[in-house]
1. What is the residue count in the range 541-563 for residues that are more than 26 Å from the chain's Cα centre (by Cα) and not aliphatic (A, V, I, L, M)?
2. Filter the range 564-584 for residues that are over 11 Å from GLU652 (Cα atoms) and of a type in the set (S, T, N, Q) and give the result.
3. Name the residues in the range 152-207 that are among the polar types (S, T, N, Q) and closer than 22 Å to ASP39 by Cα, would you?
4. Looking only at the range 516-571, count how many residues are surrounded by 21 or more Cβ atoms within 10 Å (Cβ to Cβ), among the charged types (D, E, K, R) and either part of a loop (DSSP other than H, G, I, E, B) or on the phi > 0 side of the Ramachandran plot (or both).
5. Which condition number does SER139 fail, the rest of (1) in a loop (DSSP other than H, G, I, E, B); (2) buried (at least 19 other Cβ atoms within 10 Å of the Cβ) being met?
6. Which one of these does GLN105 not meet: (1) within 36 Å of the chain's Cα centre (by Cα); (2) part of a loop (DSSP other than H, G, I, E, B); (3) without any contact (Cβ under 8 Å) to a residue 40 or more places away in the chain?
7. Condition test on THR471, is it β-branched (Val, Ile, Thr) and either at pLDDT 95 or above or touching a Gly at 6+ places or on another chain (Cβ under 6 Å) (or both)?
8. Could you grab me the full set of residues in the range 589-630 that are over 32 Å from the mean Cα position of the chain (by Cα) and either in a loop (DSSP other than H, G, I, E, B) or farther than 29 Å from PRO540 by Cβ (or both)?
Amino acid sequence: MTYLTMRSFLVFMVLWIVLTWQATAQTQLEEDEGLGQYDYLCLSDSTWIHWSTDWLTWSDAVVRVNLPGATTEFPSQWMHDFGGRKHLSTIDQISPSHFPAASYQPGYPISFDLRLDGTTQNTYTNEMMLFDLQKQDVSGYIYNSGKQLVLQFYIDIGSTSGDRILKGLHVKNIGNLEEGNGDRDIGYDGLRLYYEIGSAFDFDGTEAAETLWGDWAGDSKYNNEWKNLSLNINIPAGQRLYCYIVIENFSPTVTLGRTAQFELVLDGLWMDNYGASHNYKARIDARTNSQALPLVESSFSLPGIVVSSYYNAADPRDEWTELLVISDNLDLRGYTIRDNNNDQTGWQPEITFQNISFWNHLRAGTIIKLWHRHVNSSGLPNVPQDTSKADGYLELFLNNSDYFSGGSFGTSPSWAGSSMSIGGTGDIIQIRDASGNHVHALAHKATPGTDYFSLPLPKLCHTESLPSNQTVSVCPGSNINEYGILAPREGTTYTTKANGPQTPGFPNSCSGDTISNQNFWRSLRQPEWITPGGSGAYLPGNTGVSLSWNLCQDTYPLDNTTGYLILRNTVNDFTAPSDGLFYLVGTYIGTAVVAGIVEGSQLPAFTDNTPAPCDGQFFYRIYAFRFSADETSGNGINPARGRAYNETSYAEIVVQGPVSPNTSLIWHY
C-alpha cells in the first residue's frame, strides 16, 4: 500500500469513527444544574437550561422550548468539559419575556428539544410545569401574645395539569428574632404553616396547619431557619393555595423590639413529581416580606408625638426640648411633658398642655420647639414665640400659662425650679396622653435607672452622660421604629449626642448622616394622595383650559394647610417641586411653568386662562402640598421645613388643543 493510499485510509477511518460516535452519542438535560434540576418553574422567575452531549464538535446548538401555542429557540454555548462530556448552557434564561402571555400560564407544561446542527438529539415532553407564586406583604407590628402572621403567599397551579401536592417548604427570618432552647425568642417548634384553599388573603388562625421544624439542620439553638419536607398538602386544579407563616408562641425571655422579616428562601418550595425526572423542586426567587416587623407588647400603640431631641445647658433658662408630631390631626389637649432626675429614680412636676383649641388638629410633621423657660441665662427674653400652625413649626415657652399649666419653674430671676431642668448624669423626657398613658420618652444615662426601665415602649436611652452644652438626639431616625420600638433601645444605635444646641427645629444628624431623619420628617409632612387622577378640556372659544382632579387625603381640611400646585408644559417633561420651597405662579420648575396654586384640599378644580395650542397639547401635572412657606427662617431654609409636596403620587392630565381651521377652503378674489 502506497503512502498516499495509507493516508487516505486513515483519514477515512477517522471520519468514520467521528461520524459513528456522533450518530450514537447521547445528548441530555442536566438534572443537577440549571432548569433540569426542577420540576416546576414560577412564572415570574427565570433560569438557564443546562445540558450536555457526547458530540465532539458542532456548529449550532439550540434548545427548543415548547409551550402550548408557542415555541422559542434558545441558542446555547459550550461552558466546560466534565466526565468526558461537553456541557452547554442557553445564553438567555427562560423567562416570560420570550413567550406570548397567552402561552405562559400556570399549569402549562414545558417540553424541550435539544438540537445540534439542526437535528433534534433528545426530546423531553411535558417535563416541567409553570406555576405562579405571589406574596402579599405583612406590615405594622407583631405582638408578644397570640398567633402572629409574618409572611403570606399563594400558589396558583392553573387548571390544565391536574391536582398538585405541596410537599415541602423552607423559610428563614432575616430579622433578629430566633428560635431555640433557653433564652431565645420564638418558642421551640413555634413556627407553623397555616393554609387554605381560597381567593383572597384572610388569615384568622382557624386554618389547617403544619409545623415547620426549626431543628431540621440538627441545631435547635440560635436557629433562624425552618423547614418541613413532609407536608403533602393537596392543591386542587384551578384553585389557589393560600399559605400563612405564623409564629405560634414566644418564649418567656423574648426581647421586645427584635424583628421578624421572613422570607420563602431561594428554591425553597417542593411539590410532587412532574415529568419523567423526579426532582420535585420549584424554581423560585426568594420571596421576602419587605418590612421588618418589630415585636411589641400587646398593649402597644403607635405614638402620636415623640421627643426628637433635647439640649442640656449650664442653666435651665437656656435649655429646650424638640417634639415631632407623628399622627395627623393630633389633639394634644391634656397631654403632659415631664422630666426625671439624675438617677432616673424620681419624676419632677409635670407640665400640661392647656385645654385650648390651639393644641387640637396638629398636622403630622409639625415640629414643636419648647424652651424650658421664657428668659435666657442673661435675663433676656428667649426668641419670640411662634404660634402659627400654618407652616408646621411652633416655638413656645413651657412656663407660658396661656398654653401650659403646672410644673415647678422657680421664681424670677433664676427660674431654678425642678421641672424640665436637665440633669447631666441622667434624665428622661416623657410625654403622656390626657389619660396619663405613656406616649414616648427619650433619656440619657450611662446605666439606665429604674424609672426608665419601668416605662413601656417606645423609649430610647442614650447610655452616656450629657454634660452642659450638649444635645442628645434620635438618630438616624429614618422611620418611627427607630424612635424606641426597635431593639436595642439602650445604647447608641439609635441616639447620638453632640456639643452645642444641635439643629433645634431641624432634622437630626449623626456620623455624617444628614439625610435619614430629614427624609422621615418630609414623609410625615407631605399629604397622602392615594388615587390621583383628573381630566381637562379647553373652554369654548379656547379662552383657557378647565381642569379637575380627585381629592387628596386630608384629615382636617378646615385649616386650609393643604392644597395643589399645578404645572403646565407643552411636552411631557416635569421636574418635581422641592420640599421647603414656596413657588410663585409664573415661575418655572424645570421646563414646566407654575400655572396655578389652589389653597384648600376640597377645591379640586382650576381654570388655566392660557389658550390651548391649536393642533397641539398641554400637559399638566398636579402636586398636593401641605403647609405654607416657613414663617420663621424663610423660604427654602430646609427641605423638612415650610411647604411639603407629595412628589411621588400626583395627577397627570393631557389636554388636546383645538384643530386649526382649514384655510384651503377660503375663496380668494
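1. At the first step, the residues of the range 541-563 found to be more than 26 Å from the chain's Cα centre (by Cα) are 541-549, 556-561, 563.
Pick out the ones that are also not aliphatic (A, V, I, L, M) and you get 541-544, 546, 548-549, 556-557, 559-561, 563.
Matching residues across the range 541-563 total 13.
2. ASN569, THR570, THR575, SER578
3. Correct list: SER159, THR160, SER161.
4. 1
5. Tallying (1) in a loop (DSSP other than H, G, I, E, B); (2) buried (at least 19 other Cβ atoms within 10 Å of the Cβ), SER139 fails exactly one: (2).
6. GLN105 satisfies every listed condition except (3).
7. On the way: β-branched (Val, Ile, Thr): yes; either at pLDDT 95 or above or touching a Gly at 6+ places or on another chain (Cβ under 6 Å) (or both): yes.
For THR471, the condition - β-branched (Val, Ile, Thr) and either at pLDDT 95 or above or touching a Gly at 6+ places or on another chain (Cβ under 6 Å) (or both) - is met.
8. Residues satisfying the conditions are ASN609, THR610, PRO611, ALA612, PRO613, CYS614, ASP615, GLY616.
The values are calculated or read from the model by the stated rules, or taken from the named source; none is laboratory data. This is a predicted model, so every value here is computed, not measured. Neighbour counts are summed over all protein chains in view; Cβ atoms, including those assigned to glycine, are modelled from backbone coordinates with ideal geometry.
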